[in-house]
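S.K.: Before I ask anything, let me first share the structure, which is written out below as C-alpha cells.
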Amino acid sequence: MEILYPMVISAVAVLATLIYASYLDLKERRVPFVYWLPMLGVGIICTGYLLWQATANLSLIFGYLSLVTSFLFVDYLDNRGRTDSPGLTFYYKKSSIFFYLTLVLILPILSWFVLAPSVNIQLVPWYAMFAGIFSYISYGEHKGIFDENTRKKNRKKGPNISEYFNRWYFVLIVMIFAITTMIMLISPNGWGTQSFVILLMAVFSGVFYIFARMHLFGGADAWALIFISFCLPTFPFTPLLGNPPLGFLSFSVLINALLLNLAAPIGIFITNIIRKNRAPLMYMFFGFPVNGEQIQNEWGFVMEDFEERKGIVSRKFVGFWDSIKRMYSGEGRIYTKDLREHPEDFQKELSLYRKAGTVWISYAVPFIIPITAGLIIAIIFGDLLFAFMERIAGAI
C-alpha cells in the first residue's frame, strides 16, 4: 500500500482542526476564521510538495497557489471589518485591498505565462477578464460602492447591476479557473493529467462558496469542505474499500457526510411520532416543537409565522419555497441565536411565542460534525456510496 506522507501530515492537521471547529460550532455556532489558518498553512505546504513530487512543475504549483489565494481574497473582500477573528484585524484592514490584489494578479501571471514552458495565447483574454473582474471589485470595495448603506440607497433607485455583479462575480472567477485549467490540460506544454486536481478543486470549492453566499450552507461548513479540498486533494493511502474513480477526497467526504446526515431527519421523525407531535409531514422530519417561553435557550430557526388579531394568535408553517427565498435573501428568517443575543430586536416575536405556548423550530446539529465524521470514514474506509454501488453491481 502506497502512503503519501505529505497527505498524512496534512490529514492530521485537518482532522485536529475539524474536531476543534466542531466543538466551537456546537458551543457557539460560529468558527472564527483565524482557526482555519494553521491547518491551511500546513495543507498548502504539503499539497505543494506532493504536486512537486508528482510533476516537478512550478507552473502547476503556482496555479494551485493562485486558486487558493483567490478564494482567500474573495473572503477578504466579502468580510472586511469582520469581528469573529480579532487576531486578524490587520488582515482585514481596508488599506490592504490593493496589496492583496497585486499578489492575486501576479500568481496567475507566474503560473500561466512566466513559468509555463511556452506562452499560450489562448490564456491571455482569460487573464485579462480575471484581472478586470478583481480590479473592478477591489476598486468598488475601496470606494465603498458595495457598502451596506450605499446599497440601500441604490436599491431605492431601482435595479443595480453593480450590486448583482458584486454578489455573483465569483462565479465568473471559478469559470475562468475551470476554463484555463482545461486549456492547460490539452496544451502540449501544459500541466498534463494533474490539471484535473486543480479543476476539481476550483469547481468543488466554488460551488460551496457560492452556496454559502446564498445562505444555503453554513459558512463554517463551506470553509471546512473548501479547505479539505485544498489541503487533502487525494487520499493519504488506499482506504479499506478501495479508491473511488475520481480519487478526490473532498467529494467522498461530502458523500459520506450527506449519508450520515440522513440519520438525523429519520431520528427526528421517529421522536415526533413517539411524542405525538403533529405537523405537516415534511416538518416532522426537520423540526420539533419547543416551549415558547424557553425558545431563546434552543438552537435552530423558527419554522412558523405568527400573527395576532383581536387577542387571538394565528400561526402557519413557512412554506418550502418561502423558506428558500428567506435563506437566499438573508431576511425574514428568525434564528434562536438572534433571539438570545439581540432580544431587544424581537420583542414582538418573543411575545407571540410566549402566547402561542409552543413553537416549531428546525433541528440544529452543525453539518461540520458529519463532515468531520465523513472525513474520518473516507480516510479509513473510502467512499461509502461508491463502495455500496460497487458491491450491488458485482452482485447483479
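S.K.: So how many residues does the range 12-44 have that are touching a Phe, Trp or Tyr at 6+ places or on another chain (Cβ under 9 Å) and of a type in the set (Gly, Ala, Ser)?
M.R.: Count: 2.
S.K.: Next question, about the same structure. Output the residues belonging to the range 275-287 that are loosely packed, with under 13 Cβ neighbours inside 10 Å and outside any helix (DSSP H, G or I).
M.R.: Across the range 275-287, the qualifying residues are 275, 276, 278, 280.
S.K.: If residue 193 passes every condition in (1) in contact (Cβ under 8 Å) with a residue 12 or more places away in the chain; (2) in a helix (DSSP H, G or I); (3) more than 18 Å from residue 25 (Cβ to Cβ) but one, which one does it miss?
M.R.: (1)
A quick yes/no check of all residues on (1) over 30 Å from residue 239 (Cα atoms); (2) out of contact with any Cys (no Cβ under 8 Å at 6 or more places or on another chain); (3) part of a helix (DSSP H, G or I); (4) not hydrophobic (A, V, I, L, M, F, W, C):
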position	(1), (2), (3), (4)
250	no, yes, yes, yes
258	no, yes, yes, no
289	yes, yes, no, yes
307	yes, yes, no, yes
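S.K.: Of the conditions (1) crowded, with 18+ Cβ neighbours inside 10 Å; (2) at pLDDT 90 or above, residue 76 fails just one. Which one is it?
M.R.: Of everything listed in (1) crowded, with 18+ Cβ neighbours inside 10 Å; (2) at pLDDT 90 or above, residue 76 misses just condition (2).
S.K.: Looking at 344, 308, 304, which one is within 30 Å of residue 31 (Cβ to Cβ) and touching a helix residue (DSSP H, G or I) at 6+ places or on another chain (Cβ under 9 Å)?
M.R.: On inspection, the qualifying residue turns out to be 304.
S.K.: Next question, about the same structure. Taking residue 221 and the conditions (1) under 30 Å from residue 344 (Cα atoms); (2) surrounded by 15 or more Cβ atoms within 10 Å (Cβ to Cβ); (3) more than 25 Å from the chain's Cα centre (by Cα); (4) at pLDDT 85 or above, which numbered condition does it fall short on, given that it satisfies the others?
M.R.: (3)
S.K.: Give me the residue from the range 38-56 that is touching a residue at least 12 places away in the same chain (Cβ under 8 Å), of a type outside the set (Val, Ile, Thr) and surrounded by fewer than 19 Cβ atoms within 10 Å (Cβ to Cβ) and, out of that set, nearest to residue 16 (Cα to Cα).
M.R.: 38
S.K.: Also, quick follow-up: Between residues in the range 209-228 that are closer than 18 Å to residue 300 by Cα and in the same structural domain as residue 30 (by TED's automatic domain parsing) and residues that are β-branched (Val, Ile, Thr) and in a helix (DSSP H, G or I), which pairs lie under 7 Å by C-beta distance while being six or more apart or on different chains?
M.R.: Going by the 7 Å Cβ cut-off, the qualifying pairs are 220/368; 221/368; 221/371.
S.K.: While we're looking at this one, here's another question. From the set of residues in the range 99-146 that are without any contact (Cβ under 8 Å) to a residue 40 or more places away in the chain and among the small types (Gly, Ala, Ser), which is farthest from residue 178 (Cα to Cα)?
M.R.: Here the residue is 144.
A quick yes/no check of all residues on (1) assigned to a helix (DSSP H, G or I); (2) at pLDDT 90 or above; (3) surrounded by 15 or more Cβ atoms within 10 Å (Cβ to Cβ); (4) of a type in the set (Gly, Ala, Ser):
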residue	(1), (2), (3), (4)
208	yes, no, yes, no
216	no, no, no, no
228	yes, yes, yes, no
239	no, yes, yes, no
243	no, no, yes, no
273	yes, yes, no, no
294	yes, no, no, no
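The values are calculated or read from the model by the stated rules, or taken from the named source; none is laboratory data. This one's a predicted model, so the numbers in the text were calculated from it and none came from an experiment. Cβ atoms come from the backbone with ideal geometry, glycine included; neighbour counts cover every protein chain shown.
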